[in-house]
Amino acid sequence: MPTHDQLDPVHHGLDPEDARLVVYGVHGRTQSPAAWIELADRLGVEGLCWFLPEAAGNSWYPGRFMEPPESNQPQLGQALEVLEAQLSALLERRDAGGAPVVVLGFSQGACLLAEYLLTRQPGVDGAVLHTGGYLGPRPRDFAKTPSGAMSNISVELFCADEDPWVPLHRAKETATAFESLVASTTLTVSRDSEHHISEDAARRLADYLRRFLKD
């Protein structure tokens, strides 16, 4: 089986140089970039370039996200390095005059992104984490990095109150962790037990992305 870094990301929508916003979408376990392509078509937001990494074997790490991180190595470390390399390249393009970059994750992808954002705090322009939380079995504290690169962004989190894979308390702990690092944090909790992106969440996500498209 190839490793994460041996798989090329998938592009959907506009070319990066023509887009008004780049969406970096990290899929969940058992999924692939095709899940984000379906979501992009469902949202119907124009002017976007979707940049979609792919996990080897359709999974970023083998175990549950609340297990000790060392139990999910080496795949977890490899996945974080893929995010680092790909997002760094996108942010360099933005800094050279390109479009803003927003990150979006669902389920395992949201967990991976939460861990990456909270520990490395890259200068992304926004973040949406749907049904996920930072890694590990216990609550953690995250100090703001000297650069304060995420200080001016808004972070949106979504979680169902009875999701079978992500306990609500970890989504709340993750929202609290972001509150000291970013300008605004919103956690939307739905009364649901299905592991999916609901119609209401999709509408809110589309509204969030459209904020970056206003002149």
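The values are calculated or read from the model by the stated rules, or taken from the named source; none is laboratory data. Note that the coordinates shown come from a computational prediction; the quantities given were computed from them, not determined experimentally. Backbone-built Cβ (ideal geometry, glycine too); neighbour counts: all protein chains shown. With ligands, DNA and RNA removed, areas are computed over all heavy atoms of the protein, side chains included. Shrake-Rupley method; radii C 1.70, N 1.55, O 1.52, S 1.80 Å.
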For the chain, return all DSSP H helices satisfying: extent of Cα atoms along own axis at least 20 Å; mean Kyte-Doolittle hydropathy at least -1.0.
75-95
What's the FRET efficiency of Arg210 with Asp161 using the Cβ-Cβ distance as r and R₀ = 22 Å, to the nearest 0.05?
0.25
Go through Met66, Met150, Met1 and list them by solvent-accessible area, largest first, probe radius 1.4 Å.
Met1, Met66, Met150
Whole-Å semi-axes of the ellipsoid equivalent to the chain (Cα gyration tensor, √5λ, descending)
23, 20, 19
Take every Cα pair under 8 Å in the chain that's 6+ residues apart, average their separations, divide by the length, and report that relative contact order as a whole percent.
19 percent
Values of log10 I(q)/I(0), in the order q = 0.14, 0.15, 0.24 Å⁻¹, for the range 107-215 under a Debye, Cα-only, solvent-free model
-0.52, -0.60, -1.40
Can you find, among Gln108, Leu76, Pro139, the residue sitting farthest towards the positive end of the charge dipole of the range 1-146, where Lys and Arg contribute +1 and Asp and Glu -1 at Cβ?
Pro139
Determine the order of Lys214, Lys172 by accessible area, beginning with the largest, at a probe radius of 1.4 Å.
Lys214, Lys172
Figure the gain on full extension for Asp41 and His196 (residue separation times 0.36 nm, minus the Cα-Cα span) and round it to one decimal in nm.
54.2 nm
Solvent-accessible area per residue for the range 1-134 (1.4 angstrom probe, square angstrom)
39 Å²
Distance between modelled label sites at Thr188 and Glu81, nm, 7 Å Cα→Cβ extension
3.7 nm
Which value, in Å² rounded to 10, gives the accessible area of Thr176 with a 1.4 Å probe and all protein chains present?
80 Å²
Estimated 222 nm signal from helices in the chain, with DSSP H stretches of n ≥ 4 weighted -39500 (n - 2.57), rounded to 500:
-10500 deg cm²/dmol
Taking a 1.4 Å probe, which of Glu70, Glu115 shows the most accessible area, and what order do the others take after it?
Glu70, Glu115
Quick calc, Thr119 & Ala34: beta-carbon distance into FRET formula, R0 35 Å, rounding 0.05, result 0.75
Listed residues Val26, Val189, His130: farthest to the positive end of the dipole of the chain (Cβ charges)
Val189
Report the charge-dipole magnitude of the range 119-215 in Debye, nearest 20, computed about the Cα centre from +1 at each Lys and Arg Cβ and -1 at each Asp and Glu Cβ.
400 debye
